[in-house]
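The values are calculated or read from the model by the stated rules, or taken from the named source; none is laboratory data. Just so it is clear, the model here is predicted, and its values are computed rather than measured. Cβ: placed from backbone, ideal geometry, glycine included. Neighbour counts: every protein chain shown. For the accessible areas, the whole protein counts, side chains as well, though only heavy atoms, and no ligand, DNA or RNA atoms are used. Shrake-Rupley method; radii C 1.70, N 1.55, O 1.52, S 1.80 Å.
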Amino acid sequence: MKTTTSTRPSRSEFATHWRLDPAITFLNHGSYGACPEVVIDAQNEIRALMEREPVRFFMQHLERLTDVVRERVGAFVNCAPKDLAFAPNATVAIATVLQNIDFKPGDEILVNTHEYMSAINELGRMGERLGTKTVKAKVPFPITDEQQVIDAVMAAVTPRTKLAIISHITSPTAIILPVKKLTDLLHARGIRVLIDGAHAPAQVTLDVTDLGADYYVADFHKWVSSPKGSSFLHVQPGLQKGFRPISLSSRVHNVRDDRAPFLAEFDYVGTSDYSALLAVPAALDFFDKVLPGGIPALMKRNHDLVVKGRAAVCKATGLAPPAPEDMLPSMATILLPALPAAARNTRTVFGDPLQDRLVDEYRIQVPVWALPDCGTRFTRISAQLYNTLAEFEYLGKALALELERETRTDSE
Ligand SMILES: Cc1ncc(COP(=O)(O)O)c(C=O)c1O
């Protein structure tokens, strides 16, 4: 199946809002998002304001504009704006939470086998420094229902568990975890909860107040499609005293009676380009208006499309869907056969020879990962407004050919 522009499936009529390369079938919104043109324009206007009068921007406009974002985000995720701080990404936000907890040697931090590696890596470093221990609950995959998650996580709790980190939507396996139920159960055992919601905003309805976790972090640059470098951190009011950014700016010693330290310290962490965060309202405006029904309609459309897209890929390849539809957001993971032994030492650009071939031969951008904790190899598809079912059918055909080719090569 050699690709030509005539065989390449079209994107949807909404694709004109994005600047995506027309020569690529882009099925990986989940990794880094993709920013619509109007949002890039809004970010450029903020940058122009910054460069017109940098001193006034950093000393006067920045806090005011951050408060505008705070109000808008508070309404979007249902929480008090004063409980929100911002960070460049979920990686930094999670490290910030870890740095603000008084861990003692022997304290356990409970994660599970579907957690994102940046949190696990940070915990590894912390363990070496402080003598804390990372405990991994084994959540199965394939999975049939959320009770399996609850049982696995709660079975790994011990009297030493101090904090649990749970993804709202898992990165490698693309399933929605029962974060509200887990938070309640963990709180009943006296354990603090950090929810890693990197993927959640605009994939699931987010009610941070109702969830009640001690800390909630999330990215806007993934599914809200804001510019890269825009994330938030919600901290319960009782935990905000002394909760500080990873780096302290030149301003933190200034005593202020007009602003809580939690806000003032996070709003300015040194000279940087804050325009990605300040453009978040433009991204929310875009999705509010692009479809009748706004973001709820967008989430339903994307979910429905990914369910159909997964079915198309499974049909073409004969692979089985590894998770129920009601656990899927706007992404879906499909388990692939293990990388053939003959290909294990191949040098790759994207991490797996199959992903390289999908890009090089078919111009399809979709991740192929190995996650030893969860079985073999995976591909994860994402459905965003610019995608169509025909694109997933095209991936299905390409994958069927490539998996067949892998089997042939391996047996030669
Ligand atoms: C569950 C999860 N947490 C954290 C991250 C890190 O996000 P960022 O790259 O924005 O720091 C990711 C990125 O994909 C993720 O999937």
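Taken over region 105-117, the residue count meeting the criterion of being free of Cβ contacts under 8 Å to residues at least 40 places away in the same chain and either open to solvent by less than 20 Å² (accessible area, probe 1.4 Å) or more than 23 Å from residue 143 (Cβ to Cβ) (or both) is 1. Residues in region 147-161 that are away from the ligand (no atom under 16 Å from the Cβ) and either of a type in the set (A, V, I, L, M, F, W, C) or surrounded by fewer than 18 Cβ atoms within 10 Å (Cβ to Cβ) (or both): 147, 148, 150, 151, 152, 154, 155, 156, 157, 158, 159, 160. Entry remark, region 360-376: residues being over 20 Å from the mean Cα position of the chain (by Cα) and either among the polar types (S, T, N, Q) or within 18 Å of residue 25 (Cα to Cα) (or both) number 6 in total. Just one residue in the set 262, 287, 266 is open to solvent by less than 20 Å² (accessible area, probe 1.4 Å) and touching a Gly at 6+ places or on another chain (Cβ under 8 Å); that residue is 287. All of 96, 91, 66 fail the test of being of a type in the set (Ser, Thr, Tyr), open to solvent by 10 Å² or more (accessible area, probe 1.4 Å) and assigned by TED's automatic domain parsing to the domain that holds residue 273, apart from 91. If you go through region 271-284 and keep only what is under 11 Å from residue 88 (Cβ atoms) and open to solvent by 10 Å² or more (accessible area, probe 1.4 Å), you end up with 272, 273, 274, 277. Residues considered: 132, 144, 183. Of these, the only one that is β-branched (Val, Ile, Thr), away from the ligand (no atom under 16 Å from the Cβ) and surrounded by fewer than 15 Cβ atoms within 10 Å (Cβ to Cβ) is 144. The residues of region 163-179 that are touching an Asp or Glu at 6+ places or on another chain (Cβ under 7 Å) and more than 11 Å from the ligand (Cβ to nearest atom) amount to a single one, 178. Answer yes if at least one residue in region 228-243 is within 16 Å of the ligand (Cβ to nearest atom), open to solvent by 10 Å² or more (accessible area, probe 1.4 Å) and of a type in the set (A, V, I, L, M, F, W, C), and no otherwise. Checked region 228-243: no residue is within 16 Å of the ligand (Cβ to nearest atom), open to solvent by 10 Å² or more (accessible area, probe 1.4 Å) and of a type in the set (A, V, I, L, M, F, W, C). For residues in region 203-227 being touching a helix residue (DSSP H, G or I) at 6+ places or on another chain (Cβ under 6 Å) and more than 21 Å from residue 112 (Cα to Cα), which is nearest to the ligand (Cβ to nearest atom)? This residue is 220.
Among the residues making up region 247-270, a single one is β-branched (Val, Ile, Thr) and within 18 Å of residue 89 (Cβ to Cβ): 269.
For residue 82, the criteria (1) farther than 30 Å from residue 192 by Cα; (2) away from the ligand (no atom under 16 Å from the Cβ); (3) in contact (Cβ under 8 Å) with a residue 60 or more places away in the chain hold in every case but one, which is (1).
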